[in-house]
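The values are calculated or read from the model by the stated rules, or taken from the named source; none is laboratory data. None of the values given here were measured: they were computed from a predicted structure. Here the Cβ is made from the backbone with ideal geometry for all residues, glycine too, and neighbour counts use every protein chain on show.
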Amino acid sequence: MRMITFFSKNYEAMFASLGQHIALVLIAVGLGMAIAIPSGVLLTRHKKIAPYFLALAGTVQTIPGLVMLGFALIIMGIGTLPALAVLTIYSILPILRNTYTGITEVQPAYKDAAKGIGMTKRQVLFKVELPLALPTIVSGIRISAVYIVSWATLAGMIGAGGLGDWIWTGLATYNTDYILAGAIPSAILAFAFSALIGFVQKLITPRGLRRNA
């Protein structure tokens, strides 16, 4: 009952924070895709160095979010920009790894058949490799989006807004209503992103592969 009363008094501010949170996630994941997908394609053309780049990306991923935010705060100051920079960095690895894996797992027979009918390397990439790898790439985007929904709650610490504002205010004032006002929508949002992208992934996966999964 107390939570319902709290929500009725603060729903406008909560929805504004939810909108900010969604914007942070969409922009960060969008930038991550713009970096990770071309990089993943490039690594498939240079497989000798691919393990080193993937290992480096994995190492960066293990750095705690608070540490990364601290560095970003020192370099860029308070606000949305440093938060987006950190969230974008964290969004890259799952998409990069899945892009690389998806393309490398395309059967050589498909590529040979495409070359046999006169396709260029560019055409093979866009008409054969990427379409066949797309379900795997979307799976990486799904993982990245769910991660970023949770990591974006840290953005409230440096003035970037979002649902994290409510959580950190609640922690600072020992107010569980504020904590729940940020935590519950964050959990629902993570589930929603996972379900939506999972549905898209299912739609673009060929039926034969769905049955074999």
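When you look at F71, is it without any contact (Cβ under 8 Å) to a residue 40 or more places away in the chain, within 28 Å of I204 (Cα to Cα) and surrounded by fewer than 19 Cβ atoms within 10 Å (Cβ to Cβ), yes or no? Full working, then the answer.
On the way: without any contact (Cβ under 8 Å) to a residue 40 or more places away in the chain: yes; within 28 Å of I204 (Cα to Cα): no; surrounded by fewer than 19 Cβ atoms within 10 Å (Cβ to Cβ): yes.
No; evaluated as a whole, the condition is false for this residue.
Could you tell me whether the stretch 29-50 includes any residue that is surrounded by 10 or more Cβ atoms within 10 Å (Cβ to Cβ) and modelled with pLDDT under 90?
yes
A quick yes/no check of all residues on (1) in contact with a Pro (Cβ under 8 Å, 6 or more places away or on another chain); (2) in contact (Cβ under 8 Å) with a residue 12 or more places away in the chain; (3) within 23 Å of L42 (Cβ to Cβ):
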site	(1), (2), (3)
P64	no, no, no
I89	no, yes, yes
T101	no, yes, yes
Y110	no, yes, yes
A113	no, no, no
M119	no, no, yes
I137	no, yes, yes
G140	yes, yes, yes
| Out of the residues in the stretch 74-87 that are free of Cβ contacts under 8 Å to residues at least 60 places away in the same chain and small (G, A, S), which is farthest from G140 (Cα to Cα)? | G77
| request: Please work out which one of (1) in contact with a helix residue (DSSP H, G or I) (Cβ under 9 Å, 6 or more places away or on another chain); (2) small (G, A, S); (3) within 22 Å of S139 (Cα to Cα) is the condition A55 fails and give its number. | output: (1)
| field | Total residues in the stretch 1-52, condition in a helix (DSSP H, G or I) and basic (K, R) | value | 2
| message | Under 8 Å between Cβ atoms, which residue pairs at least 6 apart in sequence (or on different chains) link something in the stretch 176-205 that is of a type in the set (S, T, N, Q) with a partner that is surrounded by fewer than 18 Cβ atoms within 10 Å (Cβ to Cβ) and not in a helix (DSSP H, G or I)? | response | T205/A213
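Give G208, G161, G182 a once-over and let me know the one that is at pLDDT below 90 and crowded, with 17+ Cβ neighbours inside 10 Å.
None of the other options fit; the residue is G161.
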| said: Every residue in the stretch 1-53 that is within 14 Å of L96 (Cβ to Cβ), among the aliphatic types (A, V, I, L, M) and in contact (Cβ under 8 Å) with a residue 24 or more places away in the chain, please. | reply: V29, L31, M33, I35, A36, I37, V41, L43, A50
| Condition check for A145: out of contact with any helix residue (DSSP H, G or I) (no Cβ under 7 Å at 6 or more places or on another chain), within 30 Å of T80 (Cα to Cα) and in a helix (DSSP H, G or I) | no
| Just a yes or no: is a residue in the stretch 115-128 crowded, with 18+ Cβ neighbours inside 10 Å and under 21 Å from I92 (Cβ atoms)? | yes
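Kindly establish whether G140 is of a type outside the set (A, V, I, L, M), outside any helix (DSSP H, G or I) and closer than 27 Å to L96 by Cα.
Taking the combined requirement at face value, the residue does not satisfy it.
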| task | Mind counting the residues in the stretch 62-101 that are more than 21 Å from A133 (Cβ to Cβ), assigned to a helix (DSSP H, G or I) and not aromatic (F, W, Y)? | result | 21
| request: Being in contact with a Gly (Cβ under 8 Å, 6 or more places away or on another chain) and part of a loop (DSSP other than H, G, I, E, B) narrows it down to one of A160, A152, so name that one. | output: A160
